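Colleague: Take this structure, written in C-alpha cells, and hold onto it; I'll ask about it next.
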Amino acid sequence: GVFKRLAMAQFIQDVHAGEMTELRKRTQECLEESATQEEAKLMELAAADAESVLKDEGEQVCAEETALKEEEENEEANREKLTLKDKMVNTASKDTKSKSAFHQWVKVFFGSWAAIASGMLYAVYLSTFHERKFWFSSKQDLEREISFQEDSGLYYYYYKKMLQATSIQEGLFELTHDNKTLSLRTLNSVQQINLYPEVFAGILYRITGSQEAIEPVYFYIGIIFGLQAVYVTALYVTSWMLSGTWMAGMLTVVWYIINRIDTTRVEHTIPLRENWALPYFALQVGALTGYLKTNVNSTMEMFSYLLMSASTFAFIMMWEISHYVLFVQAFSIFLLDCLDLIQSRKVTDVYRMYFVCLALGYFVQFRNSALLASPLLSFIGGSHLAKYIQQNLKKGHFVARLMKLLLHFYLVFTVSVTLNLVIKKMVPQEENEHIIKFFEAKFDLNTTRDFNTNLLLCQETFQTPSQDFFIRLTQTCLLPFCVSVLLICLFSTLEVVSRKFREVPQKSDGLLENMVIGERPEVVYHMFHMVLFGSLALMFQGLKYLWTPYACMFTAFGVCSPEIWMTVFKWLRLRTVPPMLLALMLSTAVPTIIGFSMWK
C-alpha cells in the first residue's frame, strides 16, 4: 500500500510537472506571440513614421525647390533690371566722359591756337615796328649796322665777321683767337664778350643754306623776333597752366604788350643779351611750373623735366649773369622745401639739373671759372649738406619745427658762404671782384675810384626805378591787381603752412569749394618768384625787364583763376557760390580789366 501511494504521488507529481511545462510553453508562446505582435506594431508604426517623415521631407524639399526657383527668377529679374540700369548709367557716364573729353580737346585746341597766334602776331608787330621806325629795307648795309644802338653794333660786327670766313671752323678760330679788337693782345672774344648767341646764329645761317634766301642782317634780327614770339607764348602757356583757363593767357599777352615800355627793350636795342636769354628763361619757368604740379602724370613730368633742363642750359649759354638769376630761382624752391609744400624728390631733381647744366656750361664756355664761383653752385652744396645733417627737419610739434627751420637757414647760409669763399680762393677770377666792388659802392658800404665800377653806377640800368614806372603800371591796372593777388596767395600760404606745422588735417578731395590756393606748390613758387625779383627790381631799374613780364603773367592768373576767387569767398563766408555766378564774374573781369588797361 505504501508503494502504491508513492507511485501514485510520483504519478501526480509527474502529471503536475508536465502540466507546468506545458503551461510554461504556452505562456512563452503567448509572450512570443505578443512580442511578435508588438514588434509588428512597432514596425508598422516605424514604417508609418518613416513614410510621414519622407512625405514631410519631400514636401519640404519641394517647397525649398519652389522657393529657390522663385528666388532665381527674382534674381534674374533683378539682374536684368540692374543690367539695364548699369547699361543706362554706363552709357550716361560714357557720354559724359566723351563730352568732357571733347570739351577738353576743344579747349586745348583753341587755347593752343590762340597761344601760337599771339606769339606770331607779336613777332610780326615787332618786325613791322622796326621797319617803320628805321626804314630798314630802304637803307644800305652800313646804315643798317649803325641802327643797332649802344653796344649792339659790336655784337653784330662779330656775327658778320664769322659769316665772312670761308667755313664754320675758320670763323670760330678767328673769334677765339682775336688779335684785332685789342692792340698787341690776342683774346677769346667768344668767352670775353659772350658771343655765344652770334656763334649760334652764324652756324644756323650756314647749315640751313640761307645765304641765297635771306640777307644776314634780316636773318639775325629775325631770330631775335622769333625768340620774342616764344617768350610771349611761354608766358601765355604758364598763365594758362596756373589758372586752368586760356583767358588768363590772353590777358597776359594784352598786359605784356600794353606795358611793353617796361617789359622789353627789343624795340629799341635788338641784339641785347637779355633779348636772347629771357625767352629761354620763360620756357624754363613754364616747364618748372608743369613739373611742380601735384596732379601731373609721369609722362608730362618727364617731358617738363627734359624741357626745363634744355632751356636752363640754353639760358646759361646766352647770358653771362644767368647763374645769378637761377640762384634766386633756386632760393624760391628752397623756401618751398623748408615749408614742406613740395616733394623732396622734386627738389633734389631740380638741384641735380642745376648742377649738370653748370658743369656743361663750364666746359662748353672754355672752362668759365665764373660758373664755378657762382652762388648757385655753393647754395646747392650748402643746402644738400644742411639737409643731410638735419634729417628730421619736417618732424615735431609747432615750436620744434620753427626752431629746426631757423637752424636750417643758419646752416645753409653758413655752409654756402664758406663753400663760395673756398672756391674763390681756389679759382681766382676778376668778375667776382668787380661785382663785390659794385655792390659795396651801390649800398654805400665802401667808396672806390675804380673806373668800371663808377661807370656802372652812372648807368640808368643800375639806378632805382623812377616814379613814372609805378605810375605806368598803375594806369594799366597791373600794379593794383598784382599786389592784391600776391596778398591773397601770401595769406593762403601762411594758413596752409600753419596747419601743416600744427598737424591739422586738410581737405583735399579735389572739389572746387574745398580748394585752397596756398596748397599748390607751383603757385607758391611763383609767389616767391614775384616777391624776390620784385625786390631786386626796386633796387635796379634794369631788372624790371625781368620782373614785369612775370607780373603780367601772375596777375592774369590771379584774375582768371577760380581757386583765387573761391579762397576769397571762403574768407568772406560765402561757401555756396553758384558756378554760373563764378563763370559770369570771370568772363566779365577779363574784358573789364583790358578796357581799363587800354584807357589812360
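Colleague: Note down the Stokes-Einstein diffusion coefficient of region 269-360 in µm²/s, whole number, using a Kirkwood radius over alpha carbon pairs, 37 °C, and 0.692 mPa s.
Modeller: D = 242 µm²/s.
Colleague: Over the alpha carbons of region 212-304, what is the largest minus smallest coordinate on each principal axis, giving the biggest first in Å?
Modeller: Principal extents (Cα only, largest first): 47, 31, 22 Å.
Colleague: Out of all Cα-Cα pairs in region 178-223, roughly what percent, to the nearest whole number, are more than 17 Å apart?
Modeller: Across region 178-223, Cα pairs with separations above 17 Å total 45 percent.
Colleague: So, R0 is 41 Å and r is the distance between the beta-carbons of Thr208 and Leu402; what FRET efficiency does that work out to, to 0.05?
Modeller: Working from the Cβ atoms, E equals 0.10.
Colleague: So between Glu215 and Asn188, what do we pick up on full extension, going 0.36 nm a residue minus the alpha carbon distance?
Modeller: 7.0 nm
Colleague: Across region 100-148, what fraction of all alpha-carbon pairs, as a whole percent, falls in each successive 5 Å bin from zero upward?
Modeller: Calculated over all Cα pairs of region 100-148, the distribution is 5, 18, 15, 13, 10, 9, 8, 7, 6, 5, 3, 1 percent.
Colleague: Stretch Gln149-Lys180 to full length: gain in nm at 0.36 nm per residue minus the Cα-Cα span?
Modeller: 9.0 nm
Colleague: Shifting gears a bit: How big is D for region 314-380, in µm² s⁻¹ as a whole number, if Stokes-Einstein is applied with the Kirkwood radius of its Cα pairs at 4 °C and 1.567 mPa s?
Modeller: 105
Colleague: Now for a different question. Among Phe398, Phe363, Phe315, which residue has its Cα positioned farthest towards the positive end of the charge dipole of region 299-411, with +1 placed on the Cβ of Lys and Arg, -1 on the Cβ of Asp and Glu, and the dipole taken about the Cα centre?
Modeller: Phe398
Colleague: How much FRET efficiency would the formula 1/(1 + (r/R0)^6) give for Met539 and Thr474, where r is the Cβ-Cβ distance and R0 is 25 Å, rounded to 0.05?
Modeller: 0.80
Colleague: Quote to one decimal, in nm, the extra length available between Ile223 and Leu360 on full extension: 0.36 nm per residue of separation minus the C-alpha distance between them.
Modeller: So the extension gain works out to 46.9 nm.
Colleague: Could you rank Tyr218, Tyr205 by how accessible they are, 1.4 Å probe, largest area first?
Modeller: Heavy-atom accessible area, descending, gives Tyr218, Tyr205.
Colleague: Could the peptides 410-419, 346-355 be put in order, highest first, of the mean number of other beta-carbon atoms found within 10 Å of their residues?
Modeller: Ranked from most to least packed, the peptides come out as 346-355, 410-419.
Colleague: A follow-up question, please. How far apart, in nm, are two points set 7 Å out from the Cα along the Cα-to-Cβ line at His268 and at Trp105?
Modeller: Taking the two extended label points, one gets 4.9 nm.
Colleague: Right, something else. Roughly how big is region 242-387's charge dipole about its Cα centre, with Cβ charges of +1 (Lys, Arg) and -1 (Asp, Glu), in debye to the nearest 20?
Modeller: Dipole size: approximately 180 debye.
Colleague: For region 238-376, build the charge dipole from Cβ charges (+1 Lys, Arg; -1 Asp, Glu) around the Cα centre, then report which of His268, Met300, Phe327 sits farthest towards its positive end.
Modeller: Met300
Colleague: Could you sort 194-201, 235-242, 106-113 so that the peptide with the highest average Cβ count within 10 Å comes first and the rest follow in order?
Modeller: 235-242, 194-201, 106-113
Colleague: Rounded to the nearest percent, how much of the accessible area of region 285-337 (1.4 Å probe, protein heavy atoms only) is carbon and sulfur?
Modeller: Carbon-and-sulfur percentage of accessible area, whole number: 74.
Colleague: Which part of region 330-344 falls in the paramagnetic zone of Gln391, meaning amide N under 18 Å from the point 7 Å along Cα-to-beta-carbon?
Modeller: Only 344 pass the distance filter.
Colleague: Using a 1.4 Å probe on the protein chains only, how many percent of the accessible area of region 152-250 belongs to carbon and sulfur?
Modeller: Carbon and sulfur: 61 percent of the exposed surface of region 152-250.
The values are calculated or read from the model by the stated rules, or taken from the named source; none is laboratory data. Computed from a predicted model, the values in this text were never measured in an experiment. Every residue, glycine among them, receives a Cβ derived from its backbone with ideal geometry; neighbour counts consider all protein chains shown. Protein only, heavy atoms only, side chains kept; ligands, DNA and RNA dropped before computing areas. Shrake-Rupley method; radii C 1.70, N 1.55, O 1.52, S 1.80 Å.
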